[in-house]
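Participant: Provided herewith is a single structure, encoded as structure tokens, for subsequent inquiry.
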Amino acid sequence: MVDTRFFHKNSAMSLGELAVIAEAKLSNDAFASKMIQDVADLKHAGPEEISWAFIPSVREDLKNTKAGAVIVPEKFLDYVPAETVALVSKDPHRSYGLVASAFYPRRIDGGISQKAIIDPTATLGADCEVAAGAVIGPNVQLGARCKIGANAVIEEGVVMGDDCTVGPNATVSHCIAGNKVYIYPGAQIGQDGFGFAMSPEKGPTKVPQLGRVMIGNDVEIGACSTVDRGAMGDTVIGDGTRIDNLVMVAHNVKLGRCCVMVSQVGIAGSCEFGDFVVAAGQAGFAGHLKIGTGAQIGAKSGLMADVPAGAVLMGAPAVPRLDFMRQVLALQNLAKKKEGKPLSLFEKIKLFLLKKKGK
């Protein structure tokens, strides 16, 4: 059960309504008027709740669920109990997200705390919410229904569109942002890039960072992540991009549309990413690289060269996935030979298949 001390729930909805919201099709239209009160996981869902299943490991749970309805792909229909109504979806994970968001929408109570500090030249749209301790500087422009958390700081001249959220203790400066931008607690947007002129005689000399951060629509930037402003020109975060917690985006980086940067990714200055690039946790990018559209970068990979569109890379330094697997297998084989151990049948088959793919 969702703890409603922390999450505010909408009222019950019919399966017909939920099917539209989920972009799914009811397995039996006769149940379109059946009311659903909440979402729940397969093991704990009851007759008035809706659940979801889309990975093979939960098939047994699906067979035994008591849920009133369940969102599934068509290939899972045979596992749905007779008493449970199926909502058939081409993308059940997305459908569940839409349904859960309908029951638990983003909530804006509105109202400005008397303990917030708002410069008289700042402009706030309708129904904004500003918590205690928040500071909104001169000439800031916020759209409608923005939510500024406790002790967040929006510095001079920042512009943000409608339905934006800035979490507690986050700081936003030198930034122009679109609509539906979610900046999580503790994130730092628009700070100085790491720009120094190095001299062996005089040490580092600070180079002013005179650019901005340009954030598109429907972007999320995770807790304690950092997006530095450009040195000259802008750092750009494209529409639909998702940046996880503890990610570092350096000055003048350009991320395309719908990129996903997982926790602890580090991107050095002036890298340019195409659309739909995914970088798994702790991947690191040297400066000035070009990463092609649709590229996938494995966890803990070290990137030191440009990446073509659609490439799948792993390792440090990063290499194509099959090359990485060959390297790992070769090291395992060398270790076993040194110990005098024969290869298992599985290892021999794996080595044969890798060699065959490499032809």
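The values are calculated or read from the model by the stated rules, or taken from the named source; none is laboratory data. Being a predicted model, the structure only gives us computed values, none of them experimental. Glycine gets a Cβ as well: all are built from the backbone with ideal geometry, and neighbour counts include every protein chain shown. We work out accessible area using only protein heavy atoms, side chains counted, and drop any ligands, DNA or RNA first. Shrake-Rupley method; radii C 1.70, N 1.55, O 1.52, S 1.80 Å.
Participant: Quick check, is Asp119 surrounded by 15 or more Cβ atoms within 10 Å (Cβ to Cβ), among the charged types (D, E, K, R) and either over 16 Å from Thr235 (Cα atoms) or in contact with a Pro (Cβ under 6 Å, 6 or more places away or on another chain) (or both)?
Facilitator: no
Participant: Which residue is surrounded by the most Cβ atoms within 10 Å (Cβ to Cβ), if the candidates are limited to segment 285-304 and must be touching a residue at least 24 places away in the same chain (Cβ under 8 Å) and either under 25 Å from Phe196 (Cα atoms) or of a type outside the set (S, T, N, Q) (or both)?
Facilitator: Gly298
Participant: Output the number of the condition that Lys9 fails; it satisfies all remaining conditions of (1) at pLDDT 95 or above; (2) within 26 Å of Arg106 (Cβ to Cβ).
Facilitator: The single condition Lys9 does not satisfy is (1).
Participant: Now a separate question. Taking the conditions exactly as written (open to solvent by 30 Å² or more (accessible area, probe 1.4 Å), over 21 Å from Gly256 (Cβ atoms) and in contact with a strand residue (DSSP E or B) (Cβ under 8 Å, 6 or more places away or on another chain)), does Asp234 satisfy them or not?
Facilitator: no
Participant: Yes or no: Ile176 open to solvent by 10 Å² or more (accessible area, probe 1.4 Å), more than 30 Å from Leu18 (Cβ to Cβ), assigned to a strand (DSSP E or B) and touching a residue at least 12 places away in the same chain (Cβ under 8 Å)?
Facilitator: Judged against the criteria, Ile176 is a match.
Participant: Which of the residues spanning segment 18-43 are in contact (Cβ under 8 Å) with a residue 60 or more places away in the chain and outside any loop (DSSP other than H, G, I, E, B)?
Facilitator: Leu18, Ala19, Ile21, Ala22, Lys25, Leu26, Asp38, Val39
Participant: When segment 1-39 is examined, which residues are found to be open to solvent by 60 Å² or more (accessible area, probe 1.4 Å), within 18 Å of Gly97 (Cα to Cα) and small (Gly, Ala, Ser)?
Facilitator: Ser11 - this is the single residue of segment 1-39 that is open to solvent by 60 Å² or more (accessible area, probe 1.4 Å), within 18 Å of Gly97 (Cα to Cα) and small (Gly, Ala, Ser).
Participant: Take segment 156-191 and flag every residue that is charged (D, E, K, R) and over 19 Å from Arg145 (Cα atoms).
Facilitator: Glu156
Participant: Report every pair of residues separated by at least 6 positions or lying on different chains whose Cβ atoms are under 6 Å apart, first residue within segment 125-147 and more than 16 Å from Gly167 (Cβ to Cβ) and open to solvent by 30 Å² or more (accessible area, probe 1.4 Å), second in a strand (DSSP E or B) and of a type in the set (Phe, Trp, Tyr).
Facilitator: Pairs found: none.
Participant: When only residues in segment 190-216 that are polar (S, T, N, Q) and assigned to a loop (DSSP other than H, G, I, E, B) count, which is nearest to Gly161 (Cα to Cα)?
Facilitator: It comes out as Gln209.
Participant: Let me ask something else. Do we have Arg145 as touching a His at 6+ places or on another chain (Cβ under 7 Å) and not hydroxyl-bearing (Ser, Thr, Tyr) here? So that I can check it myself, show each step before the final result.
Facilitator: On the way: touching a His at 6+ places or on another chain (Cβ under 7 Å): no; not hydroxyl-bearing (Ser, Thr, Tyr): yes.
Criteria not met by Arg145.
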